[in-house]
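Working notes, structure below.
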Amino acid sequence: MRLLAVGIALVAALVGFWLRSYNQPGSPRELFEVRCSTCHARPDLLGYTVQEKRGIVMTMLRERGADKVISPKEAAQIIGYITGSSAETKDKEQGDGDT
C-alpha cells in the first residue's frame, strides 16, 4: 500500500512538472496571453494607467490566486509588457517606426 502511495505521488509530481514545462511562454507577450488566460479571459487594459495596471497584476498575484500560475518574476515581466516598458514592447515600437 505504501509503495502504491509513493508511486502515485511520483506520477503526480512528474505530470505537474511536465505540464509546467510543456506550456512555457517564450516572450512577455506570450506569458501574458498564456498565463493570464489560464483563469479568465484576457482583460482589456485600455484606459488604465501604468500604476493601475501594476496594481491589477499585483492584486491578482497576492490576493486572487495568480501565485499558483505565475511567479513574482513572471509578474514583473507581465507588468513590463502591459505597461509598455518591456524590451519586447520597445523593440516592437522601434521596429514599427522604421517601416
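The values are calculated or read from the model by the stated rules, or taken from the named source; none is laboratory data. The structure presented is a predicted model; accordingly, all values stated were derived computationally and were not measured. Here the Cβ is made from the backbone with ideal geometry for all residues, glycine too, and neighbour counts use every protein chain on show.
Listing for the model above:
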item: Sole exception among (1) at pLDDT below 90; (2) closer than 27 Å to GLY80 by Cβ; (3) of a type outside the set (Phe, Trp, Tyr) for THR59, by number; result: (1)
item: Exclusive hit being modelled with pLDDT under 80 and small (Gly, Ala, Ser), set ALA75, ALA66, ALA41, ALA12; result: ALA12
item: Members of the stretch 38-59 that are within 11 Å of the chain's Cα centre (by Cα) and assigned to a helix (DSSP H, G or I); result: VAL57
item: Residue satisfying all of: in the stretch 56-80; farther than 14 Å from PRO43 by Cβ and of a type in the set (S, T, N, Q); surrounded by the fewest Cβ atoms within 10 Å (Cβ to Cβ) among these; result: SER71
